[in-house]
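One structure below.
The values are calculated or read from the model by the stated rules, or taken from the named source; none is laboratory data. No experiment lies behind these values; they were computed from the predicted model shown. Counting neighbours? That spans all protein chains shown, and the Cβs are built from the backbone with ideal geometry, glycine included.
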């Protein structure tokens, strides 16, 4: 194996405007057994905005840097071979002090990188097979895979491992949302090309795998009502 061929594990949009994500408390939280028992897939949200502080915690908890050592950085989510092929993007609908638009999460610097400005609620809901929760949630988290980050080492097996990596991150996010009293729902029903177009990724070297919505639930997460809204057309 030629380690000189290993690609960079961080993607950065160096020319994009940056938003520093604020620090968050790591003190007392809900007990783990309570978080696990209260986690539900929530599809109905209020119009209350998500705070930037809560968004900062959610992104760190999902796949942020948990420890730095000489020449290496550990993440909150496991990854096959510590190759970290998953990138995190956001469609921001309703986050306090953050303009609506499409963003990339810069893991190394814990920043948001602004890629597009504007209201993408209808576009992302249509790309998710008309699921209205994508339009009503405060934020839609989108995970892509940069396939060669895994494939240079694992070859064809990389196409199994990237989905496992995304699943680990999605569960971290769901539990972190529950810890904050927020609701989340993971989404795999999506049109790849439409989501890739929103993110401006090529669909070959990098492509969407998985998504999640986050917001303030209309009721307690463990007895929420069923969403009967018609799909977004």
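Is the range 206-220 home to any residue that is touching a residue at least 24 places away in the same chain (Cβ under 8 Å), more than 21 Å from residue 87 (Cβ to Cβ), within 15 Å of the chain's Cα centre (by Cα) and crowded, with 17+ Cβ neighbours inside 10 Å?
yes
Given the structure, is residue 114 assigned to a strand (DSSP E or B) and at pLDDT 95 or above?
Yes.
Could you please give the count of residues in the range 153-186 that are touching a strand residue (DSSP E or B) at 6+ places or on another chain (Cβ under 7 Å) and crowded, with 20+ Cβ neighbours inside 10 Å?
12
Among (1) at pLDDT below 95; (2) part of a helix (DSSP H, G or I), where does residue 159 come up short?
The number of the failed condition is (1).
Determine whether residue 229 is modelled with pLDDT of 95 or more and either in contact with a helix residue (DSSP H, G or I) (Cβ under 7 Å, 6 or more places away or on another chain) or part of a loop (DSSP other than H, G, I, E, B) (or both).
Details: modelled with pLDDT of 95 or more: no; either in contact with a helix residue (DSSP H, G or I) (Cβ under 7 Å, 6 or more places away or on another chain) or part of a loop (DSSP other than H, G, I, E, B) (or both): yes.
So residue 229 does not fit the description; no.
Quick one: how many residues across the range 192-205 are loosely packed, with under 15 Cβ neighbours inside 10 Å, in contact with a strand residue (DSSP E or B) (Cβ under 9 Å, 6 or more places away or on another chain) and not in a helix (DSSP H, G or I)?
Number satisfying all stated conditions: 2.
Can we say residue 159 is under 18 Å from residue 9 (Cα atoms) and without any contact (Cβ under 8 Å) to a residue 40 or more places away in the chain?
yes
I'm checking my understanding of the structure. Among residues of the range 1-15 that are farther than 24 Å from residue 115 by Cβ and touching a helix residue (DSSP H, G or I) at 6+ places or on another chain (Cβ under 7 Å), which one is surrounded by the most Cβ atoms within 10 Å (Cβ to Cβ)?
Looking at residues that are farther than 24 Å from residue 115 by Cβ and touching a helix residue (DSSP H, G or I) at 6+ places or on another chain (Cβ under 7 Å), I get 6.
Considering each residue of the range 16-57, count those that are surrounded by fewer than 17 Cβ atoms within 10 Å (Cβ to Cβ) and modelled with pLDDT of 95 or more, and give that number.
Looking only at that region, the number is 10.
If we scan the range 98-106, do we find a residue that is under 27 Å from residue 22 (Cα atoms), in contact (Cβ under 8 Å) with a residue 60 or more places away in the chain and either assigned to a helix (DSSP H, G or I) or in contact with a helix residue (DSSP H, G or I) (Cβ under 8 Å, 6 or more places away or on another chain) (or both)?
Yes.
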